[in-house]
1. Pairs under 7 Å by beta carbon, first residue farther than 12 Å from Trp45 by Cα in the range 83-103, partner of a type in the set (Asp, Glu) and not in a loop (DSSP other than H, G, I, E, B), six or more apart or different chains?
2. Going by the conditions given, is Thr54 under 25 Å from Ala6 (Cβ atoms) and either without any contact (Cβ under 8 Å) to a residue 24 or more places away in the chain or buried (at least 17 other Cβ atoms within 10 Å of the Cβ) (or both)?
3. Within the range 70-93, can you find the residues that are more than 15 Å from the chain's Cα centre (by Cα) and surrounded by 18 or more Cβ atoms within 10 Å (Cβ to Cβ)?
4. Which residue is farthest from Ser118 (Cα to Cα), if the candidates are limited to the range 63-82 and must be among the small types (Gly, Ala, Ser) and touching a residue at least 40 places away in the same chain (Cβ under 8 Å)?
5. From (1) surrounded by fewer than 17 Cβ atoms within 10 Å (Cβ to Cβ); (2) under 30 Å from Ser100 (Cβ atoms); (3) touching a residue at least 60 places away in the same chain (Cβ under 8 Å), pick out the condition that doesn't hold for Ser8.
6. Given (1) acidic (Asp, Glu); (2) closer than 23 Å to Met1 by Cα; (3) surrounded by fewer than 17 Cβ atoms within 10 Å (Cβ to Cβ), where does Asp67 come up short, assuming only one miss?
7. Restricting attention to the range 112-131, and to residues there that are of a type outside the set (Ser, Thr, Tyr) and outside any strand (DSSP E or B), which single residue is farthest from the chain's Cα centre (by Cα)?
8. Identify all residues within the range 102-111 that are more than 11 Å from the chain's Cα centre (by Cα) and buried (at least 17 other Cβ atoms within 10 Å of the Cβ); write none if there are none.
Amino acid sequence: MSKVQAHSGRYSIFVDRTREFSLTFNAPLYRTVSFRPHSVEVEAWVYLTDDNSTAELGVQLVNSATDNTELFGDGIKLQEAAKVHKKWVKVAKTIVLPDSVKPTQHLKVFLWRSNATSPVYVDDITIKAIE
């Protein structure tokens with residue numbers, strides 16, 4: 001977490017040249033929704049520092065909390081989605097989940113450095129399950 005930039009409140013998550021991943025949301029689907037989701041809508045506020053802020057907001061389904069085998073992965077390429085620097089920009093993407101999704105599988109949402117060599121900040125993430 002960082003106090004350098006924040007869209008609301010005092011903190012945001014971030015990655016930079018030395019930090020590969022941010023804090024991660026990780027929960028079994030059955031604890032987050034009461035139905036089998038067809039897709040998830042992910043929204044976040046993003047602050048890119050320059051052209052080298054090429055991080056991604058990742059979305060994964062994994063087997064469990066102890067088995068991180070990726071069953072599905074997608075995300076938002078933040079440089080492409082935000083397109084501006086030194087300003088908070090809202091990004092969003094609807095991600096269709098595989099038909100084989102099970103309630104015991106874990107949904108993970110995280111900021112991944114990817115090829116970024118400059119800091120990237122993300123705040124106010126929302127995840128909405130869609131039937």
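Read-outs: derived from the displayed coordinates by stated rules, not from any lab. The model shown is predicted, which means the values in this text are computed figures rather than measured ones. We place every Cβ from the backbone using ideal geometry, glycine too, and count neighbours over all the protein chains shown.
1. What qualifies is Thr94/Glu41; Ile95/Asp74.
2. yes
3. Passing the criteria: only Trp88.
4. Residue satisfying both the conditions and the ranking: Ser64.
5. Evaluating Ser8 over (1) surrounded by fewer than 17 Cβ atoms within 10 Å (Cβ to Cβ); (2) under 30 Å from Ser100 (Cβ atoms); (3) touching a residue at least 60 places away in the same chain (Cβ under 8 Å) leaves (2) as the failure.
6. It is condition (2) that Asp67 fails.
7. Restricting attention to the range 112-131, the residues satisfying the condition of being of a type outside the set (Ser, Thr, Tyr) are 112-113, 115-116, 119-120, 122-125, 127-131.
Cutting the leftovers down to outside any strand (DSSP E or B) gives us 113, 115-116, 119, 131.
Numbers: Arg113: 11, Asn115: 16, Ala116: 15, Pro119: 15, Glu131: 20 Å.
Ranking the candidates gives Glu131 first.
8. Gln105, His106
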